[in-house]
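Below is one structure; the comments refer to it alone.
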Ligand code: HEC
Ligand code: HEC
């Protein structure tokens, strides 16, 4: 409870969890207009021709360390694209690739991947049971019961096990590759086995 109160305090004080940019406003306006949305998703499909080499044709990655983008909240995707572009989030592949995208393409790509379905993956049943317990205790209050997230919190349901393990470990250890105070607090008590169990639970969620 105490950590949660502190976490909310940090979120309010820094506003760092989410940048309300003109691009985010434009994304919202498109989402509110069904015809514009359909058009943007089609344009995003075309504009993502290079991204699918790693992230998979419909945003389901076949490379373990590369995250699924399918079903992810478009506002979250757009914010991560912005962070790679500004260098706030670091990755040798992503930082270079994002720089060549125009603003409208970023929005269209976020809408395209966000609109794709996520088939759940197989997982180890023993790990799933333990992971469910931990997730319910430590993560549900932000990521949601079904782990579908929202505009500021990523979807975790159906995500790749190795990607979840790598990401959570980085937040916990504060490696500087990806910093978020809310996630650092939420993961500080996790052991490596706990992280593996949670990742198994998440990957098999629809
Ligand atoms: C060479 C492989 C590769 C290509 C091509 C690639 N990505 Fe990525 N992408 C990655 C990897 C690896 C990560 C995970 C980085 C990390 O561990 O933080 C990532 C992460 C992301 C994320 C963050 C997802 C999340 O859940 O936080 C977004 C958004 C993204 N990529 C969008 C794109 C877009 C848009 C393109 C096309 C312009 C693209 N990627 C092309 C490898 C790639
Ligand atoms: C206080 C709210 C909060 C709690 C509790 C929380 N998270 Fe998060 N989580 C976030 C936010 C906000 C982000 C996005 C941070 C960013 O932009 O880097 C995030 C990001 C993530 C990511 C990266 C996803 C991606 O697509 O890259 C993973 C994995 C994750 N959380 C797992 C967990 C797990 C597992 C727990 C429980 C141990 C947890 N979170 C608890 C708020 C929270």
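The values are calculated or read from the model by the stated rules, or taken from the named source; none is laboratory data. Keep in mind it's a predicted model, so treat the numbers as computed, not measured. FYI the Cβ positions are ideal-geometry reconstructions off the backbone, even for glycines, and counts take in every protein chain you see.
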**Message:** Among the residues of region 141-156, are any assigned to a helix (DSSP H, G or I), more than 16 Å from ligand 1 (Cβ to nearest atom), buried (at least 19 other Cβ atoms within 10 Å of the Cβ) and at pLDDT 95 or above?
**Reply:** no
**Request:** Restricting attention to helices (runs of 4 or more DSSP H) lying wholly within region 73-135, give those where 3 or more residues are surrounded by 14 or more Cβ atoms within 10 Å (Cβ to Cβ) and away from ligand 1 (no atom under 14 Å from the Cβ).
**Result:** none
**Message:** Please go through (1) free of Cβ contacts under 8 Å to residues at least 60 places away in the same chain; (2) within 20 Å of residue 75 (Cα to Cα) for residue 149 and return the number of the only condition it doesn't satisfy.
**Reply:** (1)
**Item:** Unmet requirement for residue 163, which otherwise passes all of (1) in contact (Cβ under 8 Å) with a residue 24 or more places away in the chain; (2) over 22 Å from residue 95 (Cβ atoms)
**Value:** (2)
**Message:** It is to be established whether one or more residues within region 189-206 are within 22 Å of residue 81 (Cα to Cα), away from ligand 1 (no atom under 15 Å from the Cβ) and not assigned by TED's automatic domain parsing to the domain that holds residue 23.
**Reply:** no
**Message:** With the requirement that a residue be within 7 Å of ligand 2 (Cβ to nearest atom) and assigned to a loop (DSSP other than H, G, I, E, B), what does region 157-173 give you?
**Reply:** 159
**Message:** Being near ligand 2 (Cβ under 7 Å from one of its atoms) and touching a residue at least 12 places away in the same chain (Cβ under 8 Å): is that true of residue 192 here?
**Reply:** no
